[in-house]
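The values are calculated or read from the model by the stated rules, or taken from the named source; none is laboratory data. Here the structure is a predicted model, which is why all the values come from computation and not from measurement. Cβ coordinates were reconstructed from backbone atoms using ideal geometry, including for glycine residues, and neighbour counts include every protein chain displayed. Please note that ligands, DNA and RNA were not included when accessible areas were found on the heavy atoms of the full protein model with its side chains. Shrake-Rupley method; radii C 1.70, N 1.55, O 1.52, S 1.80 Å.
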Amino acid sequence: MGTENPGRPAFTSRPTSPFTSSPPVATPFSSTNPMVGSGAYTFRPNTAAAPQAPPRSPFVPAAGLDRSSFRPPPQSTYSDPSVPSPATSFAPPNSGAFQRFSSPQFPGTAQPPPTQAPPLGQPPIQSPAAQLYSQPGSFRPPTHVPSLPMGSPPIANTMPPVGSMPQASPLYPAARVSGPPPMPGYATQQSKTVPPAPTLQSPFATAPGGYVPTPSVSAPPLHAHQGGYIPPPPVAAPGVLQTQHPGFGPPTGPIQGLLEDFSSLSLGSMPGSLDPGLESKSLPRPLDGDVEPKSFAEMFPMNCHSRFLRLTTSAIPNSQSLVSRWHLPLGAVVCPLAESPDGEEVPIVNFASTGIIRCRRCRTYVNPYVTFAEAGRKWRCNICSLLNEVPGDYFAHLDAVGRRIDLDQRPELTKGSVEFVAPTEYMVRPPMPPLYFFLIDVSISAVRSGMVQVVAQTIKSCLDNLPGFPRTQIGFITFDSTIHFYNLKSSLTQPQMMVVSDLDDIFIPLPDDLLVNLSESREVVETFLDSLPSMFENNLNVESAFGPALKAAFMVMSQLGGKLLIFQNTLPSLGVGRLKLRGDDVRVYGTDKEYTLRVPEDPFYKQMAADFSKYQIGVNIYAFNEKYGDIASLGTLAKYTGGQVYYYPSFQSNIHREKLRHELARDLTRETAWESVMRVRCGKGIRFTSYHGNFMLRSTDLLALPAVDCDKAYAMQLSLEDTLLTTQTVYFQVALLYTASCGERRIRVHTAAAPTVTDLGEMYRQADTGAIISLFSRLAIEKTLTHKLEDARSAVQLRIVKALREYRNLYAVQHRLGGRLIYPESLKFLPLYGLALCKSTVLRGGYADVPLDERSAAGFTMMALPVKKLLKLLYPNLIRLDEYLTKGSYLDDELKNAIKRLPLTAESLDSRGLYLFDDGFRFIIWFGRMLSPDISKNLLGQDFAADLSRNQVNFTELNHEMSKRLFALLKKLRETDPSYYQLCHLVRQGEQPREGFLLLANLVEDQMSGTNGYVDWVLQIHRQVQQNA
């Protein structure tokens, strides 16, 4: 095992983490459609506005408009800095009820600004004709725009007297909707006289009285409002966005300041109704899945891909005061070995005799953000700014702009992710061979369930694909009440079994022949795997000496390290590490002692995990318990060795065979990084203070990872060491030192940069919901190990409320927020994911809601999941299948069209339909009560009614076009994420309790067992945000 800093004491450099954040996309909660009904008008106010003083004027009536068709306008959001804001001064209506409305964020038709700014507080006057017919897209940045003064805006009432504003001219009447009045609930099309404008798409529409679907045509530049009432526009915020990084952020002129740069959801009551005016269809949903952030792709094109590194916000606060106002986790999620698409593989760099180029002070690896000086003879570290000598073999001349002339041949200077071949000084021993050791329970329940047979067959089928041929080593131990060792020496014709029954004094017989080279002993290993199921088929032993067997496996593997795969079926009952039944006492739940059921009962397992990690042994647990198996204790072995837990409750080979076979095969054949350590470095003034995931922390910032693969991610929290950051850009570098299966020692390096900002609003705008939820989930799971479940759920909700309240306070003075819940576009899905997290297996309910083992297994799994897999688990896919299956032809693009996600609510389920629920771990196929019998017969065969009445169905592909189409779709879905195998569960509508616990309990938007639905959750958050706001 090597160290990253050979020949010097352990260097505790500052950890780091690099990421980018998702850009604001389409407005989530707002309508892009004109209001529906007769008399919809397209009156456009002035497009130029006084930039300095925020007017405080009421509305102005539009001449000749019918007030009888007045309805509240939809909320809308638009933050394009290139479009001028709408007019800012209106007079109140002469008659009729007055009601305050939120500000529209879609500006009027763009027009060239005046070459000279109007006097302070005086809006420019423009003829109505120019207002109505100015061409869209003609806006150009003004040559001179007076900058906004800092601090409070001037206290000047620039509101003109009522009636002094230009009225809509009768010569240019407002555009009307042609044709008969539209049906309620459908969008109207604008008259052809309205100038075209860029398409503004929003997935949701908010309109009183019904849901207005988003039209496929281009939306007008300004929404037509019922009755001609146009709400006042937002007022300029006194402080314009500031950033320390050149070229970062939107334009900072007065036009930008007048726009609302947040999204909102109106929660006011309907007129004449006590009901909250919140349509569930208007709420935002991540129906497109996780979108990797690309905000800084253009600004920092040399950053590593976000699949490797994601920051919770890509705008790093420059002061402690900003950090204290950022109530969400500040940190990163790292997946160092994430799978890259074909053609985007990480380049491998071999410096050979030159040696790896690193900063001599902070040990940062050379990367795209270092700069060269003194004609190329020195390079400056981007982390600590030290000037380093360039080795002679690495020297290259610089061009006129200071770039090396060999830049195209140096991937380490152009790519954010590279892999260096490490020389011998990065090793304290020769690179270890890939080593797989199997510890298999052969007690009566393990044999009768068929687990032993499936495991033996799967291992045998994977022997040709194990990484590292011809260096790969392999070994086996089986156990019940005794421990069985196997001599697999190549000179034998068949394996020899040696039994050790003394559990108190474990010793290793034939220590040199229990681990063998697979290529040399292939025939003996295959013979052993063929005979293993029959060897114990009549075993009646019900005991489990798991603890002593674990110690024996450690003694065999400690010389080399490797991966230990444990197949456990029975609660350990003999020898050291024996466990007892717990969790039956209902009185413990809801008390301060509840958490003790979710932590290891015996310290033996944590101590063994520390020993495994020290000797480079990673542990994966496969648990098949029919009854309680204390996953909380056994999972500790995987938690501290960088492994994972696979849980198969009540395993039966005829049902779960395929799931176990696929997941075990992937575990054995995926590329693995052996004997690894990982360190994250970051720039001066910041450091990582806590780490969350499955690993052992060897020093303050060095993660020990005996075995790493593409399915593992690690989260970490960031803090500022200095009161104020003086740098404009912060750099992060993740370095993973590991042994590849081919025997090379390598260092995988990911580098990213992010700007520092002084504006809290910019931090929120550049937030990454996926990374935030990944950190949230890990923090909540860890909290359940020391507190009640209710405390963990409350902590998640409280932090979301604090964040949205802080964000609201940024705009409460400048904008009329009223009853609106406002949020940054980047966090539009945060409330829903927070609700889904609170309803997840690991956090929801109490004693009766989730079995203790299932809750513990889910916790160990979620602690290691990458961002995309975690978000899919929290908010799974719900897809309607019957419409796709009844189509005649089979085309690849139809597969894409078929995967149209639906909201996770019972309202999405039609009793005449067939639906697929996919959370990445299982498929649930829901048969509606009124589904066509022909579809059921084509998918399940003639006896489909009898089959569905059973608890489990042998769901296989039939010789029918519809069945083939369904299985092709399922295969396609499995291939998109092969880390787990989704086993099919069939359920019929109304089939209780099966429908309830398989599907209905997982529709996170619905109220279930006393938990909030999505609408109630948003209203509850809004009420709490308004308190002390």
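Scanning region 544-594 for residues that are over 23 Å from ILE474 (Cβ atoms), of a type in the set (A, V, I, L, M) and not in a loop (DSSP other than H, G, I, E, B) turns up VAL586, VAL588. Could you grab me the full set of residues in region 992-1015 that are open to solvent by less than 50 Å² (accessible area, probe 1.4 Å) and assigned to a helix (DSSP H, G or I)? Listed by number, the residues that qualify are ARG994, GLU995, GLY996, LEU998, LEU1000, ALA1001, ASN1002, TYR1014, VAL1015. Each residue in region 990-1012 was checked for being without any contact (Cβ under 8 Å) to a residue 24 or more places away in the chain and on the phi < 0 side of the Ramachandran plot, and 6 pass. If you go through region 336-350 one residue at a time, do you hit one that is of a type outside the set (Val, Ile, Thr), touching a Ser or Thr at 6+ places or on another chain (Cβ under 6 Å) and closer than 30 Å to ILE773 by Cβ? Looking for residues that are of a type outside the set (Val, Ile, Thr), touching a Ser or Thr at 6+ places or on another chain (Cβ under 6 Å) and closer than 30 Å to ILE773 by Cβ, one finds none in region 336-350, hence no. Name the one entry in TYR436, TYR426 that is closer than 18 Å to ALA549 by Cα and of a type in the set (Phe, Trp, Tyr). Selected residue: TYR436, the only one of TYR436, TYR426 that is closer than 18 Å to ALA549 by Cα and of a type in the set (Phe, Trp, Tyr).
No other residue among ALA792, ALA812, ALA836 is open to solvent by 10 Å² or more (accessible area, probe 1.4 Å) and over 30 Å from LYS415 (Cα atoms) apart from ALA812.
Every test in (1) in a strand (DSSP E or B); (2) surrounded by fewer than 23 Cβ atoms within 10 Å (Cβ to Cβ); (3) of a type outside the set (D, E, K, R) is passed by ALA752 save one, and that test is (2).
Number of residues in region 908-928 that are in a loop (DSSP other than H, G, I, E, B) and of a type in the set (S, T, N, Q): the value is 1. For region 706-746, the set of residues classified as in a strand (DSSP E or B), over 19 Å from TYR691 (Cβ atoms), open to solvent by less than 20 Å² (accessible area, probe 1.4 Å) and touching an Asp or Glu at 6+ places or on another chain (Cβ under 6 Å) consists of THR739 only. Reported count of residues in region 401-451, each being over 37 Å from the mean Cα position of the chain (by Cα), among the polar types (S, T, N, Q) and not in a loop (DSSP other than H, G, I, E, B), is 2. Scanning region 996-1029 for residues that are of a type in the set (Phe, Trp, Tyr) and under 16 Å from GLU279 (Cα atoms) gives TYR1014, TRP1017. Cβ-Cβ contacts under 9 Å between residues 6 or more apart (or on different chains), taken from a first residue in region 718-735 that is acidic (Asp, Glu) to a second residue that is assigned to a loop (DSSP other than H, G, I, E, B) and open to solvent by 10 Å² or more (accessible area, probe 1.4 Å), are listed as GLU721/ARG14; GLU721/LYS684; ASP722/LYS684.
Conditions tested, residue by residue: (1) open to solvent by 20 Å² or more (accessible area, probe 1.4 Å); (2) at pLDDT 95 or above.
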site	(1), (2)
ALA422	no, no
PRO430	yes, no
PRO434	no, yes
PHE437	no, yes
ASP441	no, yes
VAL452	no, yes
ILE459	no, yes
CYS462	no, yes
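Of all residues in region 516-532, which are closer than 26 Å to THR570 by Cβ and open to solvent by 30 Å² or more (accessible area, probe 1.4 Å)?
Once the filter is applied, which keeps residues that are closer than 26 Å to THR570 by Cβ and open to solvent by 30 Å² or more (accessible area, probe 1.4 Å), region 516-532 yields ASP530, SER531.
Every listed requirement among (1) open to solvent by 70 Å² or more (accessible area, probe 1.4 Å); (2) in a loop (DSSP other than H, G, I, E, B); (3) touching a residue at least 24 places away in the same chain (Cβ under 8 Å); (4) under 30 Å from LEU571 (Cβ atoms) is met by ASN541 save one, (1). Restricting the search to region 796-809, which residues are under 22 Å from VAL842 (Cα atoms) and buried (at least 16 other Cβ atoms within 10 Å of the Cβ)? Selection gives VAL796, GLN797, ARG799, ILE800, VAL801. Mind checking whether some residue in region 646-663 is part of a strand (DSSP E or B), of a type outside the set (Asp, Glu), open to solvent by 10 Å² or more (accessible area, probe 1.4 Å) and touching a residue at least 40 places away in the same chain (Cβ under 8 Å)? Yes, region 646-663 has at least one match. Hey, any hits in region 323-342 for a residue that's polar (S, T, N, Q) and over 22 Å from the mean Cα position of the chain (by Cα)? Yes, the conditions are met somewhere in region 323-342. Total residues in region 806-843 satisfying the condition of being in contact with a helix residue (DSSP H, G or I) (Cβ under 7 Å, 6 or more places away or on another chain) and farther than 14 Å from SER263 by Cα: the figure is 12.
Contact annotation: residue pairs with Cβ atoms under 7 Å, 6 or more positions apart or on different chains, pairing a residue in region 788-814 that is modelled with pLDDT of 90 or more with a partner that is among the polar types (S, T, N, Q), are ALA792/THR784; VAL801/GLN1024.
In region 509-529, how many residues are assigned to a loop (DSSP other than H, G, I, E, B), of a type in the set (S, T, N, Q) and out of contact with any Pro (no Cβ under 7 Å at 6 or more places or on another chain)?
To start, the set of residues in region 509-529 that are assigned to a loop (DSSP other than H, G, I, E, B) comprises 509-515, 518-521.
Right, trim to of a type in the set (S, T, N, Q) and you get 519, 521.
Among the residues that remain, those that are also out of contact with any Pro (no Cβ under 7 Å at 6 or more places or on another chain) are: 521.
The qualifying residues number 1.
Cβ-Cβ contacts under 8 Å between residues 6 or more apart (or on different chains), taken from a first residue in region 278-291 that is modelled with pLDDT of 85 or more to a second residue that is surrounded by 21 or more Cβ atoms within 10 Å (Cβ to Cβ) and assigned to a helix (DSSP H, G or I), are listed as LEU283/LEU832; LEU283/TYR1014; LEU283/VAL1018; PRO284/LEU832; ARG285/LEU832; PRO286/LEU832; PRO286/TYR833; PRO286/LEU871. With respect to the conditions (1) surrounded by fewer than 24 Cβ atoms within 10 Å (Cβ to Cβ); (2) at negative phi, VAL757 lacks only one, and its number is (1).
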